[in-house]
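Everything below concerns the one structure shown next.
The values are calculated or read from the model by the stated rules, or taken from the named source; none is laboratory data. Just so you know, these numbers come straight off a predicted model, no measurement behind them. Every residue, glycine among them, receives a Cβ derived from its backbone with ideal geometry; neighbour counts consider all protein chains shown.
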C-alpha cells in the first residue's frame, strides 16, 4: 500500500462514526441519496448543497451512507464523513488492492454520466476494510457519489 492509502485507512479505522442505529445501507439507498443530493444542488446551488453534505447529521448522511463530491481534477469539495478531506486532491488514492478509485470514478463520469464502481474501503461502522459499491453521477463539473458496503 502507498502512503496515501495507508493514511486514509488508518484515519478511517481510528475515526469515530455515529451509526444512529441505522442498518447497513444498500446500493439502492446509495443511488437514491446521490439523486437527492443532485436535485438539491440543482435547486439550492453548490454552496448550500456542499454545506449540507458536509453536515455529518444532515440530509446526505445516514448510518454508513454519506455523499462525497469531487471536482473533475479529483479535489474533494464536500464529504459527509470526513471534513479533513475537503480541499485535498485525492486523485492518487488507491484502495488496498491498488485500484485508483477516485481517478476511476472521474473517468467513469467522463465516459458516461453515471455508473457503478467497486473498490475496497474502510467501513466507518465496522472499522474493517470491506468491498464497497458506489454509485457515481456527474452534475456540471462535479462527481457526486455514495457507496454501500457489500456483505
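Please work out which residue is nearest to the chain's Cα centre (by Cα), limiting yourself to the stretch 1-27 and to residues that are at pLDDT 50 or above, loosely packed, with under 13 Cβ neighbours inside 10 Å and in a loop (DSSP other than H, G, I, E, B).
Of the residues in the stretch 1-27, the ones at pLDDT 50 or above are 1-4, 21-27.
Now narrow it down to the ones that are loosely packed, with under 13 Cβ neighbours inside 10 Å: 2-3, 21, 23.
Those left that are additionally in a loop (DSSP other than H, G, I, E, B): 2, 21, 23.
Values: 2: 20, 21: 20, 23: 18 Å.
Ranking the candidates gives 23 first.
I'm trying to understand the selection: among the residues of the stretch 29-86, which are touching a residue at least 60 places away in the same chain (Cβ under 8 Å), assigned to a helix (DSSP H, G or I), in contact with a helix residue (DSSP H, G or I) (Cβ under 8 Å, 6 or more places away or on another chain) and surrounded by fewer than 19 Cβ atoms within 10 Å (Cβ to Cβ)?
84
I need the full set of residues from the stretch 28-56 which are modelled with pLDDT of 95 or more and closer than 18 Å to residue 85 by Cα, in order please. Please lay out each step first, then the result.
Kept after step one, since they are modelled with pLDDT of 95 or more, are these residues of the stretch 28-56: 28-54.
Answer for the stretch 28-56, where residues must be modelled with pLDDT of 95 or more and closer than 18 Å to residue 85 by Cα: 46, 47, 49, 50, 51, 52, 53, 54.
Please list, ordered by first then second residue, the pairs with beta carbon atoms under 6 Å, 6 or more apart or interchain, first in the stretch 122-136 and free of Cβ contacts under 8 Å to residues at least 60 places away in the same chain, second outside any strand (DSSP E or B).
Going by the 6 Å Cβ cut-off, the qualifying pairs are 130/123; 131/150.
How many residues are in contact (Cβ under 8 Å) with a residue 40 or more places away in the chain and under 22 Å from residue 53 (Cα atoms) when one looks only at the stretch 91-113?
2
Please work out which one of (1) part of a strand (DSSP E or B); (2) out of contact with any strand residue (DSSP E or B) (no Cβ under 6 Å at 6 or more places or on another chain); (3) at pLDDT below 95 is the condition residue 138 fails and give its number.
(3)
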